[in-house]
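For reference, the structure discussed in these notes is given below.
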Amino acid sequence: MLIPKRHRRRRLLRLHSQRLQRRVIFVIGGLVVGAAAVGLALAADQAQALFHSFQTEFPYGVLLLTPLGFAAIVYATNTYFPNSQGSGIPQAIAARALRAPRDRRKLVSIRIAIGKSILTIAGLLCGASIGREGPTVQVGASIMAAIGGYSPRRQPGLILAGSCAGIAAAFNTPMAGIVFGIEEMSRSFESRTSGLIIGAIVAAGMTSLALFGNYTYFGSSSAHLPHLVDWVAVGICGVVGGLMGGIFSRVLVLFGAGFRGRFGQIIKSRPVLFAAACGLLVALCGVLTHGSVYGTGYEQAREVLHSRETLSWYFAPLKLLATALSSISGLPGGFFAPSLSVGAGIGSNLSYFFPDTPIGALVLLGMVAYFAGVVQAPITAFVIVAEMTDNHGMLVPLMLAALIARSTSRLVCKEGVYHALSHKFLAEAGPDAPLRGSRDDKKPDDGAEAGPDEKRDGPPSSAS
């Protein structure tokens, strides 16, 4: 009987050692992702400041700088960093769905993370209407995938953790990071990896706090709906924001899928020229709005939220157009923060119809409604806005606006933009690429921890 007991002790010791290694990997990965998110945030702010200085001194110089910048960035993207274009969240979603590490590496890798960061900053330097939050997700997923490169079985869990940690560190919103992972990245609650993912988010959040300090992204807001009649604005914001968000998503999905005929051939065969044309149109939008549609739109959203300034009625539609043009051009860059600024513009416009409703409340409703319309992830939408503004008194109206917006958006676009765009990357992997959850996928592949009495399959085959 001594031999079986000794064997059992060794097996338990080996199991505990493996669990400890997994936890250490997730925590170290979270720390690195947090540092990368902070670095990208600082570089993005500096890039926007430099462009603003140039645009202030040479307001019409952007008509040359922006299209040339778009063309150069798209050329560098297609030549040196393929699959780094756009937000980066669809690539992370697709990478989680793929089973073979060689297929994942085409979408999440250290090379892509470096290229994504550099080219996103370059896009902000030339006035693109993009954000850094989507790129932070792909960068976080790439870092965690690289850390888990020697254990392909754990890569999907690591990619999920890196994506969640990226959102949490980018906005200083840990709850939103968790909800984003459940609702958008995995669309399920993975109980076995939940503790590890939370550990990565905590590590990334602690890194952000250590370098940035504790802050609220848009500043604390106490806006609320004081009267029962103000609740009419909830439904109006939900419908308008959801409709515009659905239109934006539909445009991106159409261009992502590619057009047939001569127009589609021109875009496919001359991507640099098409990017330059998009850049010129973005520059024209900037000139018409005196520069307010360039960059993330963070300043405009923050100022109108706190009633320090009003936005022109044309800010929301032109910001939406500039963001759509920046996205379809093929530039690396997200539309997370620009979407929130478009939503702020929608709320500002609706204040003309609800003069007695606090404009801050309308702005919050507009943000949630438009973002929920774009991504069709209502829980993520209201949680992230509530956490960004430290406003929990508006949770119920924000929930309702998000649900209305999601339903309205589906009338225009059947699927949220991130998942719709991820299909393209899955298709490019080839019809024979093995996917997680398919009939051929019999092995656990999420980095879950097995109990002492659970059997593990053998190591992945060389094909995966």
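The values are calculated or read from the model by the stated rules, or taken from the named source; none is laboratory data. Quick caveat, the model's predicted, so the values are computed rather than measured. Quick reminder, even Gly has a Cβ in these numbers, built from the backbone with ideal geometry, and neighbours come from all protein chains shown. Surface areas here come from the heavy atoms of the whole protein model, side chains and all, with no ligands, DNA or RNA. Shrake-Rupley method; radii C 1.70, N 1.55, O 1.52, S 1.80 Å.
Quick rundown of the values:
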read-out	value
Checking R154 against (1) at pLDDT below 85; (2) under 15 Å from S422 (Cα atoms); (3) among the charged types (D, E, K, R), the condition it does not meet	(2)
Whichever residue in the stretch 335-367 is of a type in the set (V, I, T) and under 25 Å from G416 (Cβ atoms) and, among such residues, is surrounded by the most Cβ atoms within 10 Å (Cβ to Cβ)	V342
Per-region count, the stretch 325-334, residues open to solvent by less than 10 Å² (accessible area, probe 1.4 Å), in a helix (DSSP H, G or I) and among the hydrophobic types (A, V, I, L, M, F, W, C)	0
Among the residues listed as T173, T136, T193, the single one being crowded, with 21+ Cβ neighbours inside 10 Å, within 29 Å of L403 (Cβ to Cβ), in contact with a helix residue (DSSP H, G or I) (Cβ under 8 Å, 6 or more places away or on another chain) and modelled with pLDDT under 70	T193
Helices (runs of 4 or more DSSP H) lying entirely in the stretch 216-322 (those with 1 or more residues that are closer than 26 Å to M175 by Cβ and open to solvent by less than 50 Å² (accessible area, probe 1.4 Å))	232-257, 298-305
Options I93, I73; residue that is open to solvent by less than 60 Å² (accessible area, probe 1.4 Å), touching a His at 6+ places or on another chain (Cβ under 7 Å) and not polar (S, T, N, Q)	I93
Residue check, F81 surrounded by fewer than 24 Cβ atoms within 10 Å (Cβ to Cβ), aromatic (F, W, Y) and under 24 Å from L42 (Cβ atoms)	yes
3 or more residues over 18 Å from P174 (Cα atoms): qualifying helices (runs of 4 or more DSSP H) within the stretch 349-411	359-375, 395-409
Extreme residue, surrounded by the most Cβ atoms within 10 Å (Cβ to Cβ), among residues of the stretch 368-387 that are in contact with a Lys or Arg (Cβ under 9 Å, 6 or more places away or on another chain) and farther than 19 Å from T296 by Cα	Q376
Subset of the stretch 78-116 that is hydrophobic (A, V, I, L, M, F, W, C) and part of a loop (DSSP other than H, G, I, E, B) - its residue that is farthest from M185 (Cα to Cα)	F81
Residues located in the stretch 412-430, provided they are open to solvent by less than 70 Å² (accessible area, probe 1.4 Å) and assigned to a helix (DSSP H, G or I)	V417, Y418, H419, A420, L421, S422, F425, L426
